[in-house]
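S.K.: Please read through the structure below; I'll follow up with questions.
None of the figures in this text is laboratory data; all of them are computed from the coordinates on show. Please read these numbers as outputs of a predicted model, since none were measured by experiment. Glycine also receives a Cβ, built like all others from the backbone with ideal geometry; neighbour counts cover every protein chain displayed.
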Amino acid sequence: MAEEERRHTIVVLVDNEPGVLARVIGLFSGRGYNIESLTVAQVDKVRGQSRINIVTTGTELVIEQIKALLGKLVPVHRVQDLTIEGPHVERELALVKVLGDREQLVRALRIADFMHARLVDSSPESFVFEMTGTSDELDAFISLVEPVEVSRAGVVAIGRGRTVLASNGA
Amino acid sequence: MTAATLAPAAVDTQSMTGSQVVLRALVEQGVDTIFGYPGGAVLPLYDAIFQQDKIRHVLVRHEQAAVHAAEGYARSTGKVGVVLVTSGPGATNTVTGLTDALMDSVPIVCLTGQVPTHMIGNDAFQEADTVGITRPCTKHNYLVKRPEDLARVMHEAFHVARSGRPGPVVIDLPKNIQMGKALYQGKDEVRHRSYHPRREPDAERIEQAIEMIARAERPVFYVGGGLVNAGHEACALLTELVRETGYPITQTLMGLGAYPGSDPQSLGMLGMHGTLEANLAMYHCDVMVCIGARFDDRVTGRLDGFSPGSKKIHIDIDPSSINKNIAVDVSVVADAVEAVGALLAAWRRRSNSVSRDKVAPWWAQIEEWRKKDSLRFRQDGAGIKPQTAIRRLYEATRESDVYVTTDVGQHQMWAAQHFTFEKPMRWLTSGGLGTMGYGFPAALGVQMAHPEATVLCISGDASWVMNMQEMSTAIQYRLPVKTFILNNSYMGMVRQWQDFFHGQRHASSYMESLPDFVKLAEAFGATGLRATTVEELDQVIAKALATEGPVLVDVVVDREENVYPMIPGGAAHNEIKLSPEDEGQHEAISEEGMVLV
């Protein structure tokens, strides 16, 4: 088995019930695994199901263990490792605040323009940009505009093509 | 919300209180005994228990003991053990028992009282965040906030506790939910939305496994508590498979009894204090067949020195047990009954083509190891060697319907080594968590389930004191458990490790001012006996077994005796130490080994 650590994007379909997020987080913290990013939101109102997107790093054995443990949690319907199970799309959203004089703000606006970030708030001394893209694209934008404050949503991901993650039956 | 809760036909129109719903669900789930301790937040439930006669309530003296008693009940019957405690301290006192049940895969449903829903979060009297505290030490837990969820949650909890890899489930019940009106649903009307563990093995993997097993020249079966959990049928199937193959088998601490211990194919227990032949067979085998065991650190020793040349097959119901500590070649996620049944059928299809002669050299090697008699000890002089006490107790009870529980430490290892179990579910010990104080309450749970059986608790002077208050429970319910304390005035295993690894400095491991156990038993209203010489031992054992009611026997044993064989922490199976003559070598233990527990 490979010993090197690798970044994995894992999506989990769960019942939207109290404590389910605590169970997922507890599984990571209790065993010393990393969470790089975690997002959760309800995705199916009728069935009362939420989707959790987790980005984690670990050796092949650790990742296998994480997936098995997630699958064991009682409110979990499905676990999918997008990194392994074929091509997928990953996106992240960031809100980025820049302070400065007119010259600095104009410079930031130019960078935002060519990197496809949107201006969503402005005052004489500040801009807030919204940017959507891969985590790498966000990292690049943030390092260029030298913001004073950043709010990132974390990674959301979905498989490409016809494959669908849905609960069995229910 | 499940589909079932929406189905109108499912709803019993008769209106009941939440407490009545709880009791009716317990009855429908086949519960006849619960272990508990009352308090303010569960008074409505206790009131409902008082007004019915289908379920016996056993009043323990500490909530931790309630869980251990329920574990004893569950592990000796294969049923779910049930616990009822109050909120706050009642719930927090169950944490050790719940963790114990989680580690050893014991099906438990633990009902905890809670302050009324409108007071949750207010730091109310005897309020604790029970679901928060017990989340990591249960298989699953629930806080019931609406009366209409109650019946469904009760049935789901039993399903979760007993299916898949069994484990403890907590249901936190606010007092107003117990008192409010609730509707009942039968268990057949509830189907869990997401929890349906796999039972059937993958046929192709079974073929791969049997191919490997058939070709093996130095095979070994390595079986654990999962097989016992799978029940009598699984153990019977395994026994057939092992006998038909003619291969050797070793059992973990939790797996003792899964295969008849006196059978010549049994190599006994493996691991840190396992037999030489079991550990060397594991080290030198070419095919290892692990069923219902989890490559625990007590079994594997140093991971990179674990069975270096073997192909490994792992059958387990828990997918997260596979490739956790040891990477295996063939894995089968399934219930042991199904998997062993499939293996047996596959073996029978091809057994004619397998020559028994090919394992003859392997058996010859194993017999060489066996001749070393790694469990030997010297009983000289009048003083009692602890191993002698276990052997005599075994001889005195082997013909009877006997169950044995233990606490944790040296006495536990000696009991595992020197008491032989022919049947599953007869041996109850705290394997994973290593909980001192487990044995006596567990024995009470066993005796509740098997009133006519001989129930022995083998304990130590330090362990027994940890839950000695339960002697009151034994007296109250006339539970004739026979407890044998191997009294060496030490926390013996701690003292052994201090002798080996910490320069013989006995920091806090000497038990000064121990109670007089004979008088202590009498103070509770039980019978106390003492044996100090080998000559007295047999008489005292006979007298204890013949005495009605609970008996506490103080067996004063050799204080300096150590448990052998021993694989020190951080060592591999082939670095096993056989006797005190090997003791000098302990100083060579690595720093890395020292940090291991």
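S.K.: Using Cβ contacts closer than 10 Å as the measure, can you line up B:Tyr184, B:Tyr222 from fewest to most? Walk me through the numbers on the way to the answer.
M.R.: On the way: B:Tyr184 21, B:Tyr222 29.
Ordered by Cβ neighbours within 10 Å, fewest first: B:Tyr184, B:Tyr222.
S.K.: Neighbour counts of other C-beta atoms within 10 Å: give me A:Asp101, B:Asp329 arranged from fewest to most.
M.R.: On the way: A:Asp101 9, B:Asp329 14.
Least to most surrounded, the residues fall as A:Asp101, B:Asp329.
S.K.: Take the Cα of B:Asp373, step 7 Å along the line toward its Cβ, and report every residue of region B:544-573 whose backbone nitrogen sits under 14 Å from that point.
M.R.: Under cut-off, by backbone N: nothing.
S.K.: Could you pull out every residue, at least 5 positions away or on a different chain, whose amide H is within less than 5 Å of the one on B:Arg191? Hs are placed 1.01 Å off N in the peptide plane, and Pro or chain starts have none.
M.R.: B:Ala4
S.K.: On a straight-distance basis, which aspartates and glutamates could pair with B:Lys175 in a cross-link, Cα separation under 16 angstrom, same-chain partners fewer than 8 positions away excluded?
M.R.: Leaving aside aspartates and glutamates fewer than 8 places away in the same chain, those within reach of B:Lys175 are B:Asp47, B:Asp123, B:Glu127, B:Asp129, B:Glu148, B:Asp149.
S.K.: So, one more: Run down the lysines and flag those whose C-alpha is under 25 Å from the C-alpha of B:Lys543, throwing out any fewer than 8 positions away in its chain.
M.R.: Within the straight-line cut-off, B:Lys543 pairs with B:Lys385, B:Lys482, B:Lys519.
S.K.: Suppose R0 equals 45 Å; then what is the FRET efficiency for B:Glu211 and A:Glu36 from their Cβ-Cβ distance, rounded to the nearest 0.05?
M.R.: Values: r = 42 Å, r/R0 = 0.93.
In this case the efficiency is close to 0.60.
S.K.: Please compute the net charge surrounding A:Val98, taking Lys and Arg as +1 and Asp and Glu as -1 over other residues with Cβ under 14 Å from its Cβ. Intermediate results must be reported in sequence, preceding the final value.
M.R.: Numbers: positive: A:Lys97, A:Arg102, A:Arg107, A:Arg110, A:Arg118; negative: A:Asp101, A:Glu103, A:Asp113, A:Asp121, A:Glu125, A:Glu130, A:Glu146, A:Glu149.
Once positives and negatives cancel, what remains is -3.
S.K.: Around B:Val85, with a cut-off of 12 angstrom between Cβ atoms, what is the net charge of the other residues, counting Lys and Arg +1 and Asp and Glu -1?
M.R.: Numbers: positive: none; negative: B:Glu63, B:Asp172.
For residues surrounding B:Val85, the net value is -2.
S.K.: Between B:Ser15 and A:Arg102, with labels modelled 7 Å along Cα→Cβ, what's the label distance in nm to one decimal, could you check?
M.R.: 7.5
S.K.: Classify chain B: rounded, prolate or oblate, from the alpha-carbon gyration tensor (a ≥ b ≥ c, eigenvalue square roots; a/c under 1.5 rounded; otherwise prolate if a/b is larger than b/c)?
M.R.: Details: a/c = 1.92, a/b = 1.25, b/c = 1.54.
It is oblate, given that a/c is not under 1.5 and a/b is not larger than b/c.
S.K.: Something else now. How much length is gained on full extension from A:Ser126 to A:Glu85, taking 0.36 nm per residue of separation minus their Cα-Cα distance?
M.R.: On the way: separation 41, 0.36 × 41 = 14.76 nm, distance 4.29 nm.
Stretched fully, the A:Ser126-A:Glu85 segment lengthens by 10.5 nm.
S.K.: Let me ask something else about it. Can you pull out the trypsin sites (Lys or Arg not before Pro) in region A:1-52 whose DSSP state is coil and whose Cβ has at most 13 other Cβ atoms within 10 Å?
M.R.: Filter output for region A:1-52: A:Lys45.
S.K.: Name all residues of region B:202-228 having a backbone nitrogen under 20 Å from the label point set 7 Å from the Cα of B:Asp357 along its Cα→Cβ direction, giving them as ranges.
M.R.: Zone members listed by number: B:214-219.
S.K.: A further question follows. Could you check the simple spin-label distance between B:Ala345 and B:Tyr477, using points 7 Å along Cα→Cβ, in nm with one decimal?
M.R.: Spacing of the two 7 Å Cα→Cβ label points: 4.1 nm.
S.K.: I need the calculated FRET efficiency for the pair B:Lys54 and B:Lys145, taking r as the beta carbon distance and R₀ as 22 Å, to the nearest 0.05.
M.R.: Efficiency, rounded to the nearest 0.05: 0.20.
S.K.: How far is helix A:102-114 tilted, in degrees, relative to the longest principal axis of the Cα atoms in chain A, given as a value from 0 to 90 rounded to the nearest 10?
M.R.: 50
S.K.: Related question: Using the Cβ atoms and a cut-off under 9 Å, what net charge is assigned to the surroundings of A:Gly133, where Lys and Arg are +1 and Asp and Glu are -1? Kindly include the intermediate steps, with their values, before the conclusion.
M.R.: Working: positive: A:Arg91; negative: A:Glu92, A:Asp136, A:Glu137.
Counting the neighbours of A:Gly133, the net charge comes to -2.
S.K.: Hey, can you rank B:380-386, B:273-279, B:141-147 by average C-beta count inside 10 Å, highest first?
M.R.: On the way: B:380-386: 16.0, B:273-279: 26.6, B:141-147: 19.9.
Result, highest mean Cβ count within 10 Å first: B:273-279, B:141-147, B:380-386.
S.K.: How big is the dipole moment of region B:129-186 about its Cα centre under a simple scheme where the beta carbon of each Lys and Arg is +1, that of each Asp and Glu is -1, and everything else is neutral? Debye, nearest 20, please. Present the calculation step by step, with values, prior to reporting the outcome.
M.R.: On the way: 9 positive and 5 negative charges, 17 e Å.
My answer is approximately 80 debye.
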